[in-house]
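Asks: Sharing a structure below in structure tokens format, with a few things to ask.
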Amino acid sequence: MPTKTKKSNQKKVNKHYPIKILGAVICVAIVVFGGLSIYHIINTPPKKSVDPENPNTAEVYTDIKEDEEGNVENQDVTDIKDLMDEAAKKPEVKVAENGLKIPEFDLAVRQNNGVTIVSGKITNFIESDGSCTYTLSGVATKSYTVNILPDPKNTVCEALVFNRGDLASGDWQVKVEYKSKTAGGVSETQTFTIQ
């Protein structure tokens, strides 16, 4: 005859009970924080446009400063729309008969304590694949081909720096030529004197 086993009066301990509690707490936290986030988004008014007639205009970034009495005052730092307008005011680029853009140059010669710096830039367009060639003539003729430097407003030619004794004394003329796949031209001549 089969024997009957005694049923245990002890309750079985659920080993997964702490994990279930942790899961429930996480779910409640997600629901609460999600609800608060949605409430905040719904009840936050949209930012006002600088120009009420054009909702696509940018807001003004401000720098908060305090006056002598500790009062906070706002000072405009940059208006993105103004920067965009300024960029649009670049001179119109003229094109030569050969289809190349004609550069407008800003060529400068500065001298200080026996050091002569020759610098040039193209002010009417921005490129990064061209090269500049400075030609100095006078006591002798010398040419220097240099790279383009990164600049957000102009196409800048790397400057030439001559220390005392690098160039012979006398009058010199300098011009710069710019060449790229899409542009080309030569600046007017600047004159300077080496003592």
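The values are calculated or read from the model by the stated rules, or taken from the named source; none is laboratory data. Bear in mind that the values here come from a model prediction, so they are computed numbers and not experimental data. When we count neighbours, we look across all protein chains shown, and the Cβ atoms used for this are built from the backbone with ideal geometry, even at glycine.
Asks: Does Tyr178 fit the bill of being crowded, with 17+ Cβ neighbours inside 10 Å, part of a strand (DSSP E or B) and either of a type in the set (D, E, K, R) or in contact (Cβ under 8 Å) with a residue 12 or more places away in the chain (or both)?
Replies: yes
Asks: Strands (runs of 3 or more DSSP E) wholly in the range 87-173 with at least 3 residues that are within 23 Å of the chain's Cα centre (by Cα) and either within 14 Å of Gly184 (Cα to Cα) or at pLDDT 90 or above (or both) - which ones?
Replies: In the range 87-173, the matching strands (runs of 3 or more DSSP E) lie at 115-122, 155-162.
Asks: Here is a further query. Please name all residue pairs, on different chains or six or more residues apart, with Cβ atoms under 8 Å, provided the first residue is in the range 118-132 and is free of Cβ contacts under 8 Å to residues at least 40 places away in the same chain and within 10 Å of Ala159 (Cβ to Cβ) and the second residue is assigned to a loop (DSSP other than H, G, I, E, B) and among the polar types (S, T, N, Q).
Replies: From residues that are free of Cβ contacts under 8 Å to residues at least 40 places away in the same chain and within 10 Å of Ala159 (Cβ to Cβ), the pairs are Lys121/Asn154.
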